[in-house]
Amino acid sequence: MFAVVFYILGRVWPYSEVAFDTLALIASALVLLGIYDLFQTRHAILRNYPIAAHLRFLLEDVRPEIRQYFFEGDKDGSPFPRDKRAIVYQRAKKELDKRPFGTMLDVYQEQYEWLHHSMAPKPTPSVEEMRVTIGTGPQAYSASLLNISAMSYGALSANAIRALNKGARAGGFFHDTGEGGVSPYHREFGGDLVWELGSGYFGARRADGGFDAGLFAAAAADPQIKMVELKLSQGAKPGHGGVLPAAKITPEIAAIRGIPMGEDCISPSIHSEFSTPIGLLEFIAQMRDLSGGKPAGFKLCIGHKWEFMAICKAMVETGITPDFIVIDGKEGGTGAAPLEFMDYIGMPLRDGLSFAHNALVGCGVRDRIKIGAAGKITSAFDMARVMALGADWSNAARGFMFAVGCIQAQSCHTGMCPTGVTSQDPLRQRAIVVPDKAERVANFHHNTLNALAELVAAAGLSHPSELRPHHFQRRSNSDQVISFAQQYEHLEPGQLLSDPQSSPMFREAWALSAASSFARQA
């Protein structure tokens with residue numbers, strides 16, 4: 001049909017032979033495309049509607065943009081609604097972040113949550129005071145309450161890594177490297193680093209894929225690296241390994257990760273250096289010793305409760321404790337993952353955090369371990385909520401990606417990121433002007449902490465560490481309101497050691513766990 005129309009227009013076009021030839025060429029191309037559509041076997045709709053059905057694929061390509069810019073409300077959008085993204089942009093740019101005319105939330109809707117304020121507010125604490133000390137001895141680290149969560153070079157572009165690290169240096173907070181190793185772009189501006197080591201042991205890897213203690217010790221001696229972290233799992237895809245195909249391995253990535261060229265790079269779903277809870281703790285202790293006493297810990301998304309309880313029992317039995325544990329919620333999302341893993345595997349942050357915190361309390365070791373929380377944290381309320389449930393600090397990934405320029409196009413895994421945040425294409429990542437984006441990273445961090453300080457003061461508290469579950473309320477259904485203290489069980493120090501049967505929520509996990517194995521005990 002389109003070809004016939006173009007042909008007729010060409011015949012009656014009064015102006016020139018060039019115009020006729022152009023239209024004839026277009027008509028011929030459409031005829032050829034239509035013939036191809038009729039006989040191709042990949043798309044059923046093109047066989048029945050040649051040429052015209054291509055419009056469907058075009059509309060599918062632009063569907064996210066159309067929805068985001070024309071139909072999405074302030075409280076809509078996923079995984080982050082528009083107002084959550086907007087608050088990051090505004091604080092990063094130092095623009096007005098206030099809202100007029102009252103809340104847009106239905107405060108009588110189920111699952112609505114709020115923080116109780118005080119009739120006797122306290123003076124607002126300074127952002128500089130809101131820090132937490134991790135580890136002991138001369139290598140102990142004073143961390144901000146908000147830091148950059150684990151994102152590897154390769155997952156993010158070089159310019160995005162540069163901007164994040166320069167912002168971290170300016171704002172006095174740490175930048176987690178992700179399991180891809182410490183790249184030159186992490187080092188360029190000297191911001192504090194937490195070196196994350198995954199099952200691939202990148203940066204400290206033997207030729208057979210195992211852990212090389214000598215390489216680790218040499219790399220961890222870098223004064224820019226403030227802490228070392230072992231990744232057991234991540235919220236976006238807990239229990240799932242990964243493969244970097246040989247075709248994607250550049251000489252630069254090979255050098256950073258310590259892997260050979262021309263071979264697929266495997267990140268197993270399990271660690272090869274240990275297989276028991278006691279083995280895990282001994283490996284953490286080895287990392288601490290090899291790093292010269294720097295704080296050492298691990299990150300995980302909670303799965304089987306008895307497995308984490310087995311780690312707690314191993315701490316009691318061996319006396320070995322990590323300096324910190326980062327609880328990653330299954331709502332984490334900077335790692336591309338199969339839909340089943342992203343949507344249905346792993347425990348959400350608040351449930352996992354409350355369980356881990358209370359398990360450590362019940363085993364009498366919580367006072368030796370700091371807890372970080374990661375998973376969809378972009379605002380001061382998000383931070384306050386997880387701190388009430390047991391976190392000592394928060395890590396944010398996508399929040400800082402928004403500060404660098406991410407627009408939630410959700411094309412991170414394609415290499416076609418429109419703002420260059422997750423693309424390795426030099427032409428795309430040139431969109432990130434490092435000095436400007438670094439300033440926005442630092443602004444977002446400072447202004448979010450300032451908002452947290454105001455929340456804490458309004459609640460009648462002097463420091464975020466004073467937040468407790470009873471400060472928060474949730475409307476569990478239309479006619480019932482409960483506090484977080486009622487929703488989540490609270491254990492007393494040493495309770496699991498003295499009387500594990502006294503805890504309805506924890507006694508089963510306690511009974512099913514053993515320090516010698518991650519397996520479920522009979």
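Hey, if you put +1 on the Cβ of every Lys and Arg and -1 on every Asp and Glu Cβ in the chain, which of Phe274, Thr124, His43 ends up farthest toward the positive end of that dipole?
In the chain, that residue is Thr124.
Would you mind calculating the gained length between Glu263 and Glu129 on full extension (0.36 nm times residue separation, minus the Cα-Cα distance), in nm to one decimal?
Values: separation 134, 0.36 × 134 = 48.24 nm, distance 4.87 nm.
That pair, Glu263 and Glu129, stretches by 43.4 nm at full extension.
Could you derive backbone 3J(HN,Hα) for segment 74-84 from the dihedral phi with the Karplus parameters 6.51, -1.76 and 1.60 (θ = phi - 60°), listing whole Hz in sequence and x where the residue is Gly or Pro?
So the J values, rounded to whole Hz, are 4, 9, 9, x, 8, x, 10, x, 4, 5, 5.
Report the extension gain between Lys98 and Tyr112 in nm, rounded to one decimal, defined as 0.36 nm multiplied by the number of residues separating them, less their alpha carbon distance.
Numbers: separation 14, 0.36 × 14 = 5.04 nm, distance 2.06 nm.
In short, 3.0 nm is gained.
Would you mind checking the tilt of helix 349-362 against the longest principal axis of the Cα atoms of the chain, expressed as 0 to 90 degrees and rounded to 10?
Helix 349-362 sits at roughly 20 degrees to that axis.
Once the piece of chain linking Arg47 and Asp21 is laid out straight, how much longer is it, given 0.36 nm per residue of separation minus the C-alpha distance between them?
6.5 nm
Given H placed 1.01 Å from N in the peptide plane, which residues other than close sequence neighbours of Leu461 have an amide H under 5 Å from its amide H?
Those lying under 5 Å, H to H, from Leu461 are Lys122.
Any idea what diffusion coefficient segment 352-474 gets from Stokes-Einstein, in µm²/s, Kirkwood Rh on alpha carbon pairs, 20 °C, 1.002 mPa s? Kindly include the intermediate steps, with their values, before the conclusion.
Values: Rh = 16.5 Å.
Calculated translational D: 130 µm²/s.
Describe numerically, in nm with one decimal, the distance between label points set 7 Å from Cα along Cα→Cβ at Phe381 and at Ala29.
5.2
For segment 425-440 and segment 225-292, compute the distance between their C-alpha centroids and round to whole Å.
Between the Cα centre of segment 425-440 and that of segment 225-292, the gap is 28 Å.
Using the Cβ atoms and a cut-off under 9 Å, what net charge is assigned to the surroundings of Gly352, where Lys and Arg are +1 and Asp and Glu are -1?
My count for the surroundings of Gly352 gives 0.
For the chain, I need the span (max minus min coordinate) of the C-alpha atoms along each principal axis, in Å, sorted largest to smallest.
That works out to 95, 61, 50 Å along the principal axes.
Of the heavy-atom accessible surface of the chain (probe 1.4 angstrom), what whole percent is carbon and sulfur?
On the way: 14160 of 24730 Å².
The value for the chain is 57 percent carbon and sulfur by accessible area.
Got a number for the accessible area of Cys406? Probe 1.4 Å, square angstrom, nearest 10.
Rounded to the nearest 10, the figure is 20 Å².
Between Phe202, Ser483, Ala158, whose Cα lies farthest towards the positive end of the dipole of the chain when Lys and Arg beta carbons carry +1 and Asp and Glu beta carbons carry -1, centred on the Cα centre?
Ala158
First select every other residue whose beta carbon is under 15 angstrom from the beta carbon of Pro123; then total the charges, Lys and Arg +1, Asp and Glu -1. Each step should come with its number before you reach the end.
Working: positive: Lys122; negative: Glu128, Glu129, Glu454, Glu466.
Local charge sum for Pro123: -3.
No partner Cβ under 4.7 angstrom, meaning no disulfide-compatible partner by this rule: which Cys of the chain qualify?
Cys265, Cys301, Cys406, Cys412, Cys417
Solvent-accessible area of His304, probe 1.4 Å, all protein chains present, reported in Å² to the nearest ten, please.
100
If you plug each phi of segment 229-236 into the Karplus form 6.51 cos²θ - 1.76 cosθ + 1.60 with θ = phi - 60°, what whole-Hz ³J(HN,Hα) values come out, in order, with x for Gly and Pro?
Residue by residue, segment 229-236 yields 10, 9, 8, 8, 6, 10, x, 5 Hz.
Averaged per residue, what accessible surface does the chain expose to a 1.4 Å probe, in Å²?
On the way: 24730 Å² over 522 residues.
Per-residue value: 47 Å².
Considering amide H positions built from the backbone, and no H for Pro or chain starts, which residues 5 or more places from Arg206, or on another chain, come under 5 Å of its amide H?
Amide H to amide H, under 5 Å and 5 or more residues apart or across chains, Arg206 pairs with Phe211, Asp212.
Net charge near Met505: determine it from the other residues with C-beta under 13 Å of the C-beta of Met505, scoring Lys and Arg +1 and Asp and Glu -1.
Numbers: positive: Lys305, Arg507; negative: Asp351, Glu489, Glu508.
With Lys, Arg at +1 and Asp, Glu at -1, the neighbours total -1.
Provide Val433, Val132 ordered by accessible surface of protein heavy atoms (probe 1.4 Å), highest first.
Details: Val433 85, Val132 15 Å².
Sorted descending by solvent-accessible area, the residues read Val433, Val132.
From the phi of every residue in segment 458-470, what ³J(HN,Hα) in whole Hz does the Karplus formula 6.51 cos²θ - 1.76 cosθ + 1.60 yield, where θ is phi - 60° and glycine or proline is x?
5, 7, x, 10, 9, 7, x, 5, 7, 5, 9, x, 6
Taking a probe of 1.4 angstrom, what is the accessible area of Ser272 in Å², to the nearest 10?
80
Using helices alone, I'd like the mean residue ellipticity at 222 nm for the chain: each DSSP H run of four-plus residues gives -39500 (n - 2.57), total over residue count, nearest 500.
Details: 20 runs with 203 residues, N = 522.
Helix-only estimate at 222 nm: -11500 deg cm²/dmol.
Once amide H atoms are built 1.01 Å from N in the peptide plane, which residues 5 or more positions from Gly178, or in another chain, come under 5 Å H to H?
Met151, Glu196
What does the charge dipole of the chain about its Cα centre add up to, to the nearest 20 debye, if the Cβ of each Lys and Arg holds +1 and the Cβ of each Asp and Glu holds -1?
On the way: 50 positive and 53 negative charges, 124 e Å.
Result for the chain is approximately 600 debye, rounded to the nearest 20.
When only DSSP loop residues count, what GluC sites (Glu not before Pro) in segment 156-247 have their Cβ near at most 15 other Cβ atoms within 10 Å? If you can, show how the numbers build up before the last one.
Values: sites: Glu179, Glu188, Glu196, Glu229; in loops: Glu179, Glu188.
Passing both the DSSP loop test and the Cβ count: Glu188.
The values are calculated or read from the model by the stated rules, or taken from the named source; none is laboratory data. The shown structure was predicted, so the numbers you read here are calculated from the model rather than taken from an experiment. Neighbour counts run over all protein chains shown; Cβ positions are idealised from the backbone, glycine included. Side chains included, ligands, DNA and RNA excluded: accessible areas come from the protein's heavy atoms. Shrake-Rupley method; radii C 1.70, N 1.55, O 1.52, S 1.80 Å.
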